[in-house]
Amino acid sequence: MSRCYHNGGRVTGHLAFGVFLLVVGVLSLLNNLNIINIPPLTRLIFPALLIWVGLNLVMRQRPVRTESGVTASPSDLNVSTMLGGVNRKVVSNGFVSGTVSAVLGGVNLDFRDVEIKGGEANLDVFAVMGGVTLMVPPDWIVESRLTPLLGGYDDKTHPPKDSTKRLIIRGTVAMGGVEVKS
């Protein structure tokens, strides 16, 4: 069963990280072939990584224009932290989607008082050298579509066999972690 996920034109962690790796790889190849002469790439990688993280955070905050021309928020939930922490209890009767960004920090979200609208919700996670902890109700099925890079994902839930509520987690975890508990 394949599903198409539309992200509203936002730059996701997958796309941004892929472009970052492509640029670093091409520059390294051209430098090794003596086609261009650039300083050691180790001096360029950290600033490029900071630019990539900054652009990703900025592009996530961009408002989405609907078909009727009304500007709407790109998601129901938008939590970002850099060099800090966020602890939040989420309360919603119709949760559909959200974004979570943790850069050198941590985010703890409690979804136990949330009802999923339509049976399925999407959460886009971007964690770089940071962590995200999610507390979900015991009747939710959590499906991970994360891309960990020197990072990890830990699902400590015990999903029921006959649940119609599904949380799909997408995104990138680089040198960080995502943990889901029920």
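The values are calculated or read from the model by the stated rules, or taken from the named source; none is laboratory data. Please read these numbers as outputs of a predicted model, since none were measured by experiment. FYI the Cβ positions are ideal-geometry reconstructions off the backbone, even for glycines, and counts take in every protein chain you see.
Screening LEU104 with (1) modelled with pLDDT of 90 or more; (2) surrounded by fewer than 16 Cβ atoms within 10 Å (Cβ to Cβ) gives one miss only, at (1). Only residues that are over 20 Å from THR99 (Cβ atoms) and surrounded by 14 or more Cβ atoms within 10 Å (Cβ to Cβ) were counted across segment 140-151, and they come to 1.
Among residues of segment 24-40 that are within 18 Å of ILE51 (Cβ to Cβ), those with a Cβ under 6 angstrom from a residue that is surrounded by 11 or more Cβ atoms within 10 Å (Cβ to Cβ), sequence gap 6+ or separate chain, pair up as SER28/LEU41; ILE38/ASN31.
Applying the selection to segment 57-92, what residues are at pLDDT 85 or above, over 20 Å from VAL128 (Cα atoms) and surrounded by fewer than 16 Cβ atoms within 10 Å (Cβ to Cβ)? Within segment 57-92, LYS89, VAL91 meet the criteria.
Please enumerate the residues belonging to segment 163-182 that are assigned to a loop (DSSP other than H, G, I, E, B) and crowded, with 21+ Cβ neighbours inside 10 Å.
The answer is GLY176, and nothing else.
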